[in-house]
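Some notes on the structure that comes next.
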Ligand code: KG4
Ligand code: ZN
């Protein structure tokens with residue numbers, strides 16, 4: 001197993017962020033360390049916002065247009081002038097995600113792999129979110145040792161996924177719970193749309209919730225007490241819709257902030273109750289939090305309160321959303337086990353599981 005320094009160039013185009021990062025990884029599976037040299041993220045939010053969600057063909061068009069520039073910038077910021085010699089491997093997200101968007105990153109990586117004669121890791125987007133809490137400097141002590149202990153339990157909450165993953169070790173994952181319908185981020189986005197707040201809804205709702213009273217409306221906590229670790233958010237979303245409809249029908253004055261706060265409280269209650277039960281059942285020693293919804297302050301605070309600050313590893317706020325440094329982090333584990341994919345056989349897998 002190689003424990004020497006590995007410099008990776010990672011590319012991420014699974015959804016609406018065109019991203020590239022250069023990261024130096026070392027320490028091996030036992031004590032992985034990450035030094036981020038560059039992390040370029042170009043958001044397409046402005047292009048998709050008028051449609052209230054991500055439009056796959058627009059995502060494809062924008063990735064195609066911007067990826068070469070984003071990669072060039074990532075190399076420049078990292079002061080890499082001769083990639084064929086200075087980069088050890090490439091990494092690209094092959095799934096899960098939007099197929100036309102994933103292919104943009106893949107075809108460009110194929111071109112680079114051929115040109116620079118570099119090996120490629122086919123990276124899993126969710127493994128990226130899972131690794132993202134490790135990328136914060138606070139996760140390491142003065143000697144650079146991570147204080148993460150196995151088994152760990154990861155709560156991954158994004159626009160497309162809501163999963164509880166038992167992490168027995170790096171590369172040894174077991175999904176113990178998942179959403180049966182909407183993902184947590186999707187529920188935030190849909191509730192925001194109901195109140196015409198704009199896209200993406202998560203950051204807008206959580207900002208608004210801060211000013212509201214979470215006890216104004218008692219929204220359902222779907223499956224909170226069910227004896228499994230699965231989630232369901234579509235009933236909660238519908239309950240918000242009916243409440244809004246009734247309020248408007250009765251021409252009652254209401255505060256959007258109170259709706260947002262009550263909705264957010266219900267989501268946080270369910271996510272945290274399930275995480276707590278799964279952690280107890282599986283003897284988890286560290287809780288990891290990653291994915292776009294990991295930016296939610298109420299969720300971060302509640303998890304920290306339940307488990308204690310030293311037992312939770314939260315994705316740094318700058319890396320909760322999609323980025324390529326998390327893809328480099330996940331890819332490093334695969335480099336260590338020589339898990340490379342021939343560039344010719346790289347393919348998008350929209351529903352790739354962990
Ligand atoms: O991981 P991500 O950037 O993209 C996917 O892989 O899906 O997650 C995006 C999701 C969106 O649904 C967005 O509304 C949500 O993360 N989000 C938030 C917050 N910031 C982003 N949800 C709740 N609170 C936030 N502060
Ligand atoms: Zn994501």
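Tabulated results
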{"item": "Scan of the stretch 296-309 for residues that are surrounded by fewer than 22 Cβ atoms within 10 Å (Cβ to Cβ) and either within 13 Å of ligand 1 (Cβ to nearest atom) or in contact (Cβ under 8 Å) with a residue 12 or more places away in the chain (or both), ordered by number", "result": "297, 298, 300, 301, 302, 306, 307"}
{"item": "The one condition in (1) over 23 Å from residue 267 (Cβ atoms); (2) in contact with a helix residue (DSSP H, G or I) (Cβ under 9 Å, 6 or more places away or on another chain); (3) away from ligand 2 (no atom under 16 Å from the Cβ) that residue 177 fails to fulfil", "result": "(1)"}
{"item": "Selection within the stretch 266-308 - part of a strand (DSSP E or B) and within 16 Å of ligand 2 (Cβ to nearest atom)", "result": "288, 289, 290"}
{"item": "The lone exception for residue 52 - which of (1) closer than 29 Å to residue 337 by Cα; (2) within 15 Å of ligand 1 (Cβ to nearest atom); (3) touching a helix residue (DSSP H, G or I) at 6+ places or on another chain (Cβ under 6 Å) it fails", "result": "(1)"}
{"item": "Selection count, the stretch 74-107, where residues are under 14 Å from residue 61 (Cα atoms) and surrounded by fewer than 22 Cβ atoms within 10 Å (Cβ to Cβ)", "result": "4"}
{"item": "Residues of the stretch 326-347 classified as in contact with a helix residue (DSSP H, G or I) (Cβ under 6 Å, 6 or more places away or on another chain) and either surrounded by 24 or more Cβ atoms within 10 Å (Cβ to Cβ) or outside any helix (DSSP H, G or I) (or both), total", "result": "5"}
{"item": "Qualifying positions in the stretch 131-163 - more than 16 Å from ligand 1 (Cβ to nearest atom) and part of a strand (DSSP E or B)", "result": "140, 146, 152, 153"}
{"item": "Where residue 237 falls short, out of the listed (1) within 17 Å of residue 195 (Cα to Cα); (2) outside any helix (DSSP H, G or I); (3) touching a residue at least 24 places away in the same chain (Cβ under 8 Å)", "result": "(2)"}
{"item": "Residue in the stretch 175-190 that is more than 16 Å from ligand 1 (Cβ to nearest atom) and either part of a helix (DSSP H, G or I) or farther than 26 Å from residue 352 by Cβ (or both) present", "result": "no"}
{"item": "Residue satisfying condition, being more than 16 Å from ligand 2 (Cβ to nearest atom) and under 18 Å from the mean Cα position of the chain (by Cα), within set 8, 36", "result": "36"}
{"item": "Enumeration of residues in the stretch 107-130 that are within 12 Å of ligand 2 (Cβ to nearest atom) and assigned to a helix (DSSP H, G or I)", "result": "125, 126, 127, 128, 129, 130"}
{"item": "Conditions (1) at pLDDT below 95; (2) assigned to a loop (DSSP other than H, G, I, E, B); number of the one not met by residue 79", "result": "(1)"}
{"item": "So residue 65, is it surrounded by fewer than 22 Cβ atoms within 10 Å (Cβ to Cβ), in contact with a helix residue (DSSP H, G or I) (Cβ under 6 Å, 6 or more places away or on another chain) and assigned to a helix (DSSP H, G or I)", "result": "no"}
{"item": "Of residues in the stretch 203-220 being within 18 Å of residue 185 (Cβ to Cβ) and free of Cβ contacts under 8 Å to residues at least 60 places away in the same chain, the one farthest from the chain's Cα centre (by Cα)", "result": "219"}
{"item": "Residue list for the stretch 221-234, filter: in a loop (DSSP other than H, G, I, E, B) and either in contact (Cβ under 8 Å) with a residue 60 or more places away in the chain or on the phi > 0 side of the Ramachandran plot (or both)", "result": "223, 229, 233"}
{"item": "Condition broken by residue 251, with the remaining ones in (1) outside any helix (DSSP H, G or I); (2) modelled with pLDDT of 95 or more satisfied", "result": "(2)"}
{"item": "Test: residue in the stretch 282-293 that is closer than 30 Å to residue 169 by Cβ, surrounded by fewer than 19 Cβ atoms within 10 Å (Cβ to Cβ) and either in contact with a strand residue (DSSP E or B) (Cβ under 6 Å, 6 or more places away or on another chain) or free of Cβ contacts under 8 Å to residues at least 24 places away in the same chain (or both)", "result": "yes"}
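Yes/no matrix, rows are residues, columns are (1) farther than 25 Å from residue 235 by Cβ; (2) touching a helix residue (DSSP H, G or I) at 6+ places or on another chain (Cβ under 8 Å):
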position	(1), (2)
105	yes, yes
109	yes, yes
113	yes, yes
145	yes, no
156	no, yes
170	yes, yes
181	no, yes
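The values are calculated or read from the model by the stated rules, or taken from the named source; none is laboratory data. None of the values given here were measured: they were computed from a predicted structure. As a convention, Cβ positions derive from the backbone with ideal geometry for all residues, glycine included, and neighbour counts pool all protein chains shown.
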